[in-house]
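The structure appears below as structure tokens.
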Amino acid sequence: MKLVTFSTLYPNALRPQHGIFVETRLRQLVASGQAEASVVAPVPWFPFRHERFGAYARFARVPREEVRFGLQVQHPRYPLLPRVGMELAPFMLAAAMKPVLGRLLDQGRGFDLIDAHYLYPDGVAAVMLGQYFNKPVVITARGSDVNVLPRYRVPRRLILWAAARARAVVTVCQALKLELARLGVDPQRIVPLRNGVDLDVFRPLDSEGEGEPKGECKDERNRVRSGLALQGFTLLSAGHLVPLKGHDLVIRALAQLPGVQLLIAGSGPQQVPLELLARELSVADRVRFLGALPQMELREVYGAADALVLASSSEGWANVLLESLACGTPVIATNVSGTPEVVNAPQAGILLQQRSPDAIAQAVRALRRCLPTREQTRRHAQGFGWDDTTAGQLALFRHILAGGQGAPAAAGDPGRPEAQARVWP
């Protein structure tokens, strides 16, 4: 089967971590040998490349075409207008991409199906393109496109329009399926296919790829911790530095945890306020901001930490949870969206029923009293590899190309797992 993977959430040379979960899932699918893909990853048009224009200038510097992991990736431009951009974006995106997809066909790079990621504007535009080229469309919903964007009248209406016309909507967790159904999407058209984790990339430091300690690698974790100047129990908070990620709550909890250190991996507009908060609470000497890290560096930080804290107010399927667990590091996470589907056993860590500094501090103390071994945590993550997701995608796409819609009859609905993790308080 030949696909066009279509998403504005896709890595590029200027933003190699942007939407890396879309790229990773596609790489796993193509590696099966049963699917081919052309990637169309549009970026907003901007005329100036000078650094003084900030993020917009980075759009201008993105290459028009590149090869990533053997996949040909196009980055065509589309207009995105300030102020009114959110309501017009799907229409402008679709109009700008018609000639791009048309050229694929003219060049003999035909496609059977449009594999779109993110409901708005990408999914809406993809359905418009599917109607124009008479191709079936599958849209993957990933989080805020379900939990946040439908709060706005026009996006909500267009999301429902697109979901009714796509052959299927994939959600990366069962919780998002339930929320989409609550919004009015036919549950029979929704197929949960969770994200997986690359168990070869994300693994315990003291291992050689299978998660079990090996003699000659025993000192790797100590070496990394020494390089980071870590001495005591160390927490990691990872994600974009924005309010919904709750980094401030972890810093406030640190004030109740003497001797505990905190690493913060990520970049964003909240860095200065977070630094000021750490100084105000007299914990700045125990907080270190690492910036945005590539995957291999992040793997080392996961392995060096004793626990990851994810204090988000909203998530779809938080990839950092699985990455941390695959590195043998347990997690403390707020009980939102798909998180209980990951943190569903004691060896994974603790679910927070309350999102507060006090609850985080109490959970850290509880986890330290009964800390799972890194081998136990790694074994939990091994149940979340990519094989089942890839098989589910292939079955879904074959079903769609045979004229079906929604989930294949044999796929069933796994239901939302009941959380069996330790819950605090």
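The values are calculated or read from the model by the stated rules, or taken from the named source; none is laboratory data. Since the structure is predicted, the reported quantities are computational estimates derived from the model, not experimental observations. When we count neighbours, we look across all protein chains shown, and the Cβ atoms used for this are built from the backbone with ideal geometry, even at glycine.
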Scan of the stretch 318-354 for residues that are buried (at least 24 other Cβ atoms within 10 Å of the Cβ), assigned to a loop (DSSP other than H, G, I, E, B) and hydrophobic (A, V, I, L, M, F, W, C), ordered by number:
Ala318, Cys327, Val343
Go over the candidates Leu93, Leu88, Leu129 one by one and state the one that is surrounded by 22 or more Cβ atoms within 10 Å (Cβ to Cβ), more than 24 Å from the chain's Cα centre (by Cα) and assigned to a helix (DSSP H, G or I).
Leu129
Select, from Gln34, Gln28, the only residue that is within 21 Å of the chain's Cα centre (by Cα) and either assigned to a loop (DSSP other than H, G, I, E, B) or closer than 17 Å to Ala395 by Cα (or both).
Gln28
For the stretch 209-263, name all the residues that are of a type in the set (Asp, Glu), closer than 30 Å to Ser337 by Cα and at pLDDT below 95.
Glu210
Need the failing condition index for Arg49 against (1) assigned to a loop (DSSP other than H, G, I, E, B); (2) in contact with a strand residue (DSSP E or B) (Cβ under 9 Å, 6 or more places away or on another chain), just the number.
(2)
Search result, residues across the stretch 104-122 that are without any contact (Cβ under 8 Å) to a residue 60 or more places away in the chain and either surrounded by fewer than 24 Cβ atoms within 10 Å (Cβ to Cβ) or in contact with a Cys (Cβ under 8 Å, 6 or more places away or on another chain) (or both):
Leu105, Asp106, Gln107, Gly108
Would you tally the residues in the stretch 27-61 being under 30 Å from Asp387 (Cβ atoms) and either among the hydroxyl-bearing types (Ser, Thr, Tyr) or touching a Cys at 6+ places or on another chain (Cβ under 6 Å) (or both)?
2
From the option list Leu241, Leu263, Leu274, single residue qualifying as hydrophobic (A, V, I, L, M, F, W, C), in contact (Cβ under 8 Å) with a residue 40 or more places away in the chain and in the same structural domain as Glu300 (by TED's automatic domain parsing) is Leu263
